[in-house]
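First the structure, in the form of structure tokens, and then the observations on it.
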Amino acid sequence: MDHAAEAYRTDLMTITRYVLNEQSKYPESRGDFTILLSNIVLGCKFVCTAVNKGEEQKKLDVLSNEVFVKALVSSGRTCILVSEEDEEATFVELSKRGRYAVVFDPLDGSSNIDCGVSIGTIFGIYLVNDNGEPTLDDVLQPGKNMLAAGYCMYGSSCTFVLSTGNGVNGFTLDPSLGEFILTHPDIKIPKKGKIYSVNEGNAKNWDEPTTKYVEKCKFPKDGSSSKSLRYIGSMVADVHRTLLYGGIFLYPADKKSPNGKLRVLYEVFPMSFLMEQAGGQAYTGKQRALDLVPEKIHERSPIFLGSYDDVEEIKTLYAAEEKKG
Ligand code: FDP
């Protein structure tokens with residue numbers, strides 16, 4: 001890389017410019033999505049500043065949720081919001097109503113806040129076609145119907161990763177400009193990786209395919225090298241590493257939690273959407289994750305996501321288990 005040229009790069013692709021470019025491919029588009037996204041980006045900048053100030057967990061959770069709900073409602077482009085922090089969905093009042101439904105986790109991985117580990121915001125966006133009253137069915141849709149998904153990671157830098165269904169792009173916040181600049185264009189996950197990421201403390205309760213898979217990662221019998229284990233315990237950070245370096249992230253079912261831990265709408269779906277858009281796969285142990293049809297807004301699902309070949313292996317193990325009956 002020519003670092004001198006990088007340091008003086010003057011043609012900056014900001015996230016707004018990127019989304020406007022995308023929008024220009026659809027002449028019928030009215031700029032609503034660009035406005036919605038600007039409001040999400042604004043929420044992320046706010047949370048980034050609050051995280052950097054070192055606010056305590058409880059305060060940050062509540063604050064982040066408030067910021068996103070207010071930014072999304074005031075965008076005038078949303079009709080339903082589902083937040084990890086709110087038990088019920090928010091239906092936007094008629095005068096501020098728009099065509100988008102947004103599902104989000106304002107501050108995921110928040111048990112890590114007090115020790116300074118990377119945390120993030122995760123979101124997914126659906127377009128609600130019907131002009132009638134919005135209902136919960138508008139968000140209880142399979143993830144493959146999402147129009148866009150992404151996350152913002154508050155770490156050593158603030159990184160915004162976005163897919164509008166046309167690949168995955170990563171933007172880094174330039175604090176001096178206050179703008180997210182395209183730094184990771186067209187992210188593709190390696191076809192196979194060298195890392196597995198799972199909470200092994202739950203191993204005694206795992207099902208057989210998960211147990212066999214992790215055993216294989218550690219003691220491969222085909223002459224390949226063992227995989228390394230990396231587990232931060234903060235989904236955005238673990239998924240971000242998986243996306244860039246390859247490998248697999250697992251939050252499986254176990255005897256104590258038959259549906260795993262992670263939430264379908266605002267954890268499993270957005271991350272699965274990004275993985276597929278980057279050339280990887282996402283699987284629940286039963287089906288392609290994005291085909292799942294949620295019945296409740298805070299539903300959970302087991303999830304295996306990451307490099308294409310690594311997820312393929314776990315799919316084979318589950319298929320073999322099913323055959324056994
Ligand atoms: P947290 O409980 O800190 O909010 O869904 C929440 C989550 O973190 C994910 O970010 C993370 O991947 C997972 O839980 C970690 O769960 P375990 O502690 O059970 O490994």
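The values are calculated or read from the model by the stated rules, or taken from the named source; none is laboratory data. Computed from a predicted structure; not experimentally measured. Please note: Cβ atoms are built from the backbone with ideal geometry, for glycine as well, and neighbour counts cover all protein chains shown. Accessible surface is based on the protein model in full, side chains and every heavy atom, while ligands, DNA and RNA are left aside. Shrake-Rupley method; radii C 1.70, N 1.55, O 1.52, S 1.80 Å.
Inter-label distance, Lys296 to Leu229: 3.1 nm, where each label sits 7 Å from its Cα along the C-beta direction. With the convex hull drawn around the C-alpha atoms of the stretch 3-184, the volume per residue stands at 129 Å³. Protection proxy ranking for 67-76, 126-135, using the average of other Cβ atoms within 10 Å per residue and placing the highest first: 67-76, 126-135.
For the stretch 254-306, applying the loop criterion from DSSP together with a ceiling of 11 other beta carbons within 10 Å to the GluC sites (Glu not before Pro) yields Glu295. Helix 308-324 and the long axis of the chain differ in direction by around 50°, with both axes built from C-alpha atoms. Taking the 1.4 Å solvent-accessible surface of the stretch 195-323 as the whole, the part contributed by carbon and sulfur is 48%. Listed peptides 216-229, 32-45 appear in the order 32-45, 216-229 once ranked by packing, highest mean of other Cβ atoms within 10 Å at the front. Assuming charge only on the beta carbon of Lys and Arg (+1) and of Asp and Glu (-1), the dipole of the stretch 51-134 about its Cα centre is about 480 debye to the nearest 20. What the Cβ-Cβ distance of Glu133 and Thr316 gives, at R0 = 41 Å and to the nearest 0.05, is a FRET efficiency of 0.35. Excluding ligands, DNA and RNA, the accessible surface per residue across the chain is 48 Å² with a 1.4 Å probe. Relative contact order of the chain: 16 percent, from C-alpha pairs under 8 Å at least 6 residues apart in sequence. As a ratio to 2.2 N^0.38 Å, the alpha-carbon radius of gyration for the stretch 219-279 is 1.28.
Considering every alpha-carbon pair of the chain, the percent of pairs per 20 Å bin, from zero through the bin containing the longest distance, is 32, 58, 10, 0.
Direction-averaged projected area, Cα convex hull, the stretch 195-323: 7.7 nm², rounded to one decimal.
Put a plus charge on the Cβ of each Lys and Arg, a minus charge on the Cβ of each Asp and Glu, and nothing anywhere else: the dipole of the chain about its Cα centre is then about 760 debye. Mean separation of Cα pairs under 8 Å and 6 or more residues apart, divided by the residue count, gives the stretch 19-126 a relative contact order of 22 percent.
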